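Here the structure is laid out as structure tokens; the discussion comes afterwards.
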Amino acid sequence: MGADTPPARLDHHALERSETAWLGVAVVMTALLFVGVLASVVSGTYPSLKADAGHAHVGGIVRGRVDPKNLAATPFAKPGLVVDAAGQPMVNDQGTLDAYLVAGNFTFQPAVLRVPAGVPVTLHVTATDVAHGFQVTGTTINAEILPGHVAALTVTFRHPGEQHAICNEYCGVGHHNMITRFIVEPPTQPTSKETK
Ligand code: CUA
């Protein structure tokens, strides 16, 4: 290239000004992220994860492990909320309700999961075939589901409403069909009256 076209001379001060502007953008974004995280922690529905430690030897589930070929011998044989003979949700020794979900064959079982609002529910999720995702829309519930492993998430849904549980990890040709209704119902037993 010709020596007759010298490179445009960079204006030192102009460069500093634009750098300052971009630094300002980064600072604003960081502040927004911080506020957003705080707001979600304060207001959001978010799970606490545990490796099923509280249910160390419940029906074939041993320390978060399960035989994916033998789910019939585990509570996963009856997917859904655990209820007693009268159909009332049963509180476990950890003080939460239990719900069991199985991912596999491009479906979630149960097809519709109903859980009550306002009480802690432990969702136990496992897979029968390959790795799946488990995400509940409108919440930060998001876990990877592996055959042989039980993901246990304890969560309290604050507001009744209908959401979806979806698979967010590509698992095969039917991946996009893996969506199930997730219904948070108003609390059945009247707890202390709260004004919204
Ligand atoms: Cu299951 Cu994607």
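Scan the range 145-163 and tell me whether some residue there is over 26 Å from ALA72 (Cβ atoms), of a type in the set (Phe, Trp, Tyr) and away from the ligand (no atom under 13 Å from the Cβ).
yes
Could you tell me whether GLY118 is in contact with a strand residue (DSSP E or B) (Cβ under 9 Å, 6 or more places away or on another chain) and away from the ligand (no atom under 16 Å from the Cβ)?
yes
Go over the candidates PRO147, PRO79 one by one and state the one that is farther than 17 Å from ARG181 by Cα and not polar (S, T, N, Q). Before you say what the answer is, go through the steps one by one.
Details: PRO79 fails: farther than 17 Å from ARG181 by Cα.
Going through PRO147, PRO79 in turn, just one is farther than 17 Å from ARG181 by Cα and not polar (S, T, N, Q): PRO147.
Does at least one position in the range 122-138 carry a residue that is more than 16 Å from the ligand (Cβ to nearest atom) and closer than 23 Å to GLY36 by Cβ?
Yes, the range 122-138 has at least one match.
Only one of ALA73, ALA31 is at pLDDT 90 or above and either over 30 Å from GLY118 (Cβ atoms) or open to solvent by less than 50 Å² (accessible area, probe 1.4 Å) (or both); which?
Result of the check over ALA73, ALA31: ALA31.
Suppose we keep only residues that are open to solvent by 40 Å² or more (accessible area, probe 1.4 Å) and in contact with a helix residue (DSSP H, G or I) (Cβ under 8 Å, 6 or more places away or on another chain) within the range 76-107. Which one would you say is farthest from the ligand (Cβ to nearest atom)?
Checked the range 76-107; the qualifying residue farthest from the ligand (Cβ to nearest atom) is ASP93.
Does ILE166 fit the bill of being within 12 Å of the chain's Cα centre (by Cα), within 13 Å of the ligand (Cβ to nearest atom), in the same structural domain as PRO186 (by TED's automatic domain parsing) and open to solvent by less than 40 Å² (accessible area, probe 1.4 Å)?
no
With THR139, THR126, THR122, THR154 as the choices, which residue is buried (at least 16 other Cβ atoms within 10 Å of the Cβ), part of a loop (DSSP other than H, G, I, E, B), touching a residue at least 12 places away in the same chain (Cβ under 8 Å) and of a type in the set (Val, Ile, Thr)?
Result of the check over THR139, THR126, THR122, THR154: THR139.
On the given criteria, is ARG114 assigned to a strand (DSSP E or B), open to solvent by 40 Å² or more (accessible area, probe 1.4 Å) and in contact (Cβ under 8 Å) with a residue 60 or more places away in the chain?
Taking the combined requirement at face value, the residue satisfies it.
The values are calculated or read from the model by the stated rules, or taken from the named source; none is laboratory data. Note that the structure is predicted; figures quoted are calculated from it, not measured. Counting neighbours? That spans all protein chains shown, and the Cβs are built from the backbone with ideal geometry, glycine included. Surface areas here come from the heavy atoms of the whole protein model, side chains and all, with no ligands, DNA or RNA. Shrake-Rupley method; radii C 1.70, N 1.55, O 1.52, S 1.80 Å.
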